[in-house]
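The next block holds one structure in the form of structure tokens; read it before the comments.
The values are calculated or read from the model by the stated rules, or taken from the named source; none is laboratory data. The model shown is predicted, which means the values in this text are computed figures rather than measured ones. Positions of Cβ are backbone-derived with ideal geometry, glycine not excepted, and every protein chain shown enters the neighbour counts. Side chains included, ligands, DNA and RNA excluded: accessible areas come from the protein's heavy atoms. Shrake-Rupley method; radii C 1.70, N 1.55, O 1.52, S 1.80 Å.
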Amino acid sequence: MKAVSLKKMGILLLCCLFLSFSHSADLNKITKKNIQFEQYSQLDTTIIKKMTGNLNFYRSQVKDPKQSVSVGRQIKDEKNILKKVLNAYGFYNASIEVNIINENSDIYADTSLEQFNDFVQQSDEGEVELFKKRGFRIQYNIELGNVFLIKSIDFNNVLELSKIDTNQLPIQEGYILRAQNILDAFELINEGINEHQCFVDGKLHYDVRIDSKTNSAFVSFDHDQSMQSYFDKVSITGLETIQEAWFIKELGLKKSQCLTKSSINNAVLKLYATNLVAKINTQIIRRQQDGVQIIELKLNITERKHKTVSIGVGVNTSEGLYVSSGWQHRNVFNKGEQININGFIGSYEQSLLGDITLPKTHFFNTSFNASTRLHRENYNEEISIELVNQIGLTKKIDKYTRFKTAIELSNKIQDIDEFQQRLDQVFLPNILTWDIRNDALNTTQGQYVQVGYTPVWDVQHKSFGFIDYQIQGKTFFTIDLSIPITFAFKYEGHYISVNDTNLLPRDERIFLGGGNNLRGFGFQKIDAQGLGGIKSNVFNFESRMRFTDTIGIVAFYDTGQLITEGEAFKNSDLYSAVGLGVRYHTSFFPIRIDVAVPVKKYTVDTGKFQFYLSIGQSY
């Protein structure tokens, strides 16, 4: 077994963590290169990543002059951080030694901390100045020592309560003792108890004893059992505009329901999810009845402000300046009904949108939405004015998945080359969305997928004019190096199925170019010789580097293709651009500045570069 071989060989590992002082008592970030394993390099991805992450977070804090500490204090803090990481991975016998080194001096090439302190006392300069001027660095030498193997695991009345199979646990007899595995086992057992028992007050405990002579560990789990608990009622204070009966219904708790501490927490989170409250104070009232515990909840609510106003400004090379604004009321009729009014004014497009959303409890756990949009587009001396009325239903399938279906009536007037045309169309959009992103405005982890299917009925011709298919996928992951790097990928596929493209309105066709798909190309400049396409593929790649809490740099590559009727996709038809961007991160959203240069543009007249200034990440 791997664990036994580590013990028998008596591991000796030297981890060299170098620390440079530059302008003050702040610390430079470390990378994987600063940690070297003499043996067992398979541990790099676990221990090194945790060490670098935790130390870099600490160093980002002490960079603040208000948080600056002495060199000795920093060493003490960092040793504690390293010790916790080592314990988490089973190296409880690890020892950490500290040396002060100077690569520019043979005299101080390898100095103990005590010798360095003597040198500081003999010098007229302070310790920080010495690090700054003399090039000193701190080196941590870590000897891992022997690991501890789990000799026994005792479950004191825990397995009966949790009904869990011990084979599901990440700890077994003979395994290396690792703190994280103990915590993971604790969570699994606790989840099992919450699922099968009605304990509000009972607590799960664990204990670990270590025998240094035999390098053995003894683990035990115990639970403070309490009376079974059941829900009785809830009383709410502090409501100002929210209707109490509706709010209680949002809790999702029923009389005589089995209660656990987690079910109470989940119920409170549902109230926060209404987006109507700023703070909830929870009090649990207990009384005994017939050998069980009856629970009453008392909630004191602080409502948030329900009306907000927003405004945004952006600019790019081809579209010029544009302005967006919005007004929102989140509790119109006191049951979480929401009204939004949004406006947009740009060089080519102008729009005004109003919508109302009724929350899910009104329509069988499905929300209802109605909207009206007035949209005007003027491009290449072609003017289109459209009035769109839509009603739709959105079903929340689970925490991450939603399905929306709607009916949309479009009345449109187009003025093309002094020829005016009226179009009346009925759209039937069906959209499935799966979203596990950690932040919609500034995503660092997660995925997003949206699939759309929209048949369109042509009122004039009394037939289905075309069917619009769309798919969009995004994925994000972050590598925690000395500078965290987020890699972001997006794909958009669009296909319009139509029998006669001559009957397809121009503004329903596909055009590429602009800040929303292919940066580096002007707005709708990729237009298939002015006709527009019926098929497209667009790929976006970004690497986002965040150097400080507010400043980040982005490198990106966009590529895509537009296909007209009867053509097939070819790699040679790709339009591509590269670019760099700056992100200024505020407490709400990042401000985006991008500059893109086309590298494959064929006959598209788009200029040497395109500039974009906007709010939020590009996707």
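Numerical summary
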quantity	calculated
Heavy-atom accessible area ranking, 1.4 Å probe, most first, across LEU169, LEU374	LEU374, LEU169
Accessible area of region 165-271 belonging to carbon and sulfur atoms, whole % at 1.4 Å probe	46 percent
Extension gain (nm, one decimal) between ALA273 and GLN328, 0.36 nm per residue minus Cα-Cα	18.1 nm
Estimated translational D of region 141-290 in µm²/s (Stokes, Kirkwood radius over Cα pairs; 10 °C; 1.306 mPa s)	86 µm²/s
Accessible area per residue, Å², region 180-305 with all protein chains present, probe 1.4 Å	55 Å²
Extension reserve of the ARG376-ILE471 stretch, reckoned as 0.36 nm per residue once the Cα distance is removed	31.6 nm
Listed residues TYR272, GLY291, GLN328: farthest to the positive end of the dipole of region 223-348 (Cβ charges)	GLY291
Dipole in debye (nearest 20) - region 428-520, about Cα centre, beta carbon charges: Lys, Arg +1; Asp, Glu -1	120 debye
Value of Rg to Rh for region 406-555 (Rh from inverse mean 1/r over Cα pairs, i.e. Kirkwood)	1.08
Sulfur and carbon atoms: percent of accessible area, region 465-569 [1.4 Å]	56 percent
Solvent-accessible ranking of SER324, SER367, largest area first, probe 1.4 Å	SER324, SER367
Sulfur and carbon atoms: percent of accessible area, region 294-362 [1.4 Å]	60 percent
Charge dipole (region 494-543, unit charges on Cβ, about Cα centre) - positive-most of GLY522, HIS494, ILE510	GLY522
Region 493-557, accessible area per residue, ligands and nucleic acids excluded (1.4 Å, Å²)	41 Å²
Local electrostatic count at HIS205 - Lys and Arg +1, Asp and Glu -1, tallied over other residues with Cβ under 9 Å	-2
Contour excess over end-to-end distance, with Cα ends at ASN499 and THR308 and 0.36 nm allotted per residue	64.2 nm
Computed label-point distance, nm, for sites ASN516 and THR241 using a 7 Å Cα→Cβ extension	3.1 nm
DSSP-assigned coil residues among GluC sites (Glu not before Pro) in region 163-258, each with at most 16 further Cβ atoms within 10 Å	GLU173, GLU240
Accessible area of VAL268 in the full protein assembly, 1.4 Å probe (Å², nearest 10)	20 Å²
Distance histogram in 5 Å bins (all Cα pairs of region 289-423, percent per bin)	2, 8, 12, 13, 14, 15, 11, 8, 5, 3, 2, 2, 1, 1, 1, 0, 0
